[in-house]
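Written out below as structure tokens is the structure these notes cover.
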Amino acid sequence: MYSGETDEDAEDKGVIRGKSIRTTRSSKAAETPRDLVNRQFVAERPNQLWVADFIDVSTWQGFAYVAFIIDVFAGVIVGWRTSSTMETTFVLDALEQALWARRPSGTIHHSDKGSQYVSLAYTQRLKDAELLASTGSTGDSYDNALAESFNGLYKAEVNHRKSWKTRQDVELATLEWVDWFNNRRLLERLGHIPPMEAEKANYASHTDKYLAA
């Protein structure tokens, strides 16, 4: 249902995108999962496909790093975390939040081949949670296009709006933005309704079909 093309929504609001900086580093030594998505970022139901990535935000204290996990069906942000470092633990925290919120099974988890996402700790956690790991090519934005597009939207609507003094300021702004995006951000491709409303409508339609049967 969700195509992942967020550029047009940003243009409708007149936001300006900045130049992105590569944050993930390819892990050549690790055995990486194969690509189960093949650039087809579509899902017929919630928890069918998640995409994950993280970006850097400049503050007076240094960089803050913000990780997101997005459910492709309606674009709901199911997990996120901020950190002062790019260590694997911080993307694991975002994953744990998503797992706690969704309790998925059989979900495809797609990311680039950054060392954090192909680390033993991360891939083992995916396996333990019965998620299917999938990776694209680090440096090729098309292989993780939905996450790249989402990151651009975040930077346009949050990061480039002001100069940040502290990492905590970034965390608080991200918390507010995630709530707004999930519950109040009107997306054209969803029929001008927020992502959470689109998910609720999907669940309601399936419940009605079950009761009718």
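No value in this document is a laboratory result; all are computed from the given coordinates. These numbers were taken from a predicted model, which means no experiment stands behind them. Cβ coordinates were reconstructed from backbone atoms using ideal geometry, including for glycine residues, and neighbour counts include every protein chain displayed.
List of remarks:
- When PHE73, PHE90 are checked against the criterion of being of a type outside the set (Val, Ile, Thr), farther than 21 Å from TRP180 by Cα and either touching a Phe, Trp or Tyr at 6+ places or on another chain (Cβ under 6 Å) or not in a strand (DSSP E or B) (or both), PHE90 stands alone in meeting it.
- Looking across region 109-122, the residues that are surrounded by fewer than 20 Cβ atoms within 10 Å (Cβ to Cβ) and either under 18 Å from ASN47 (Cα atoms) or of a type outside the set (S, T, N, Q) (or both) come down to LEU120, ALA121.
- Search result, residues across region 110-143 that are touching a residue at least 40 places away in the same chain (Cβ under 8 Å) and in a helix (DSSP H, G or I): LEU120, THR123, TYR142, ASP143
- Hits in region 33-58 - residues which are touching a Leu at 6+ places or on another chain (Cβ under 6 Å) and among the acidic types (Asp, Glu): none
- Cβ-Cβ distances below 7 Å connect the following pairs, each with a first residue in region 43-64 that is free of Cβ contacts under 8 Å to residues at least 24 places away in the same chain, a second residue that is in a strand (DSSP E or B) and crowded, with 17+ Cβ neighbours inside 10 Å, and a separation of six or more residues or different chains: PHE63/ASP56; PHE63/VAL57.
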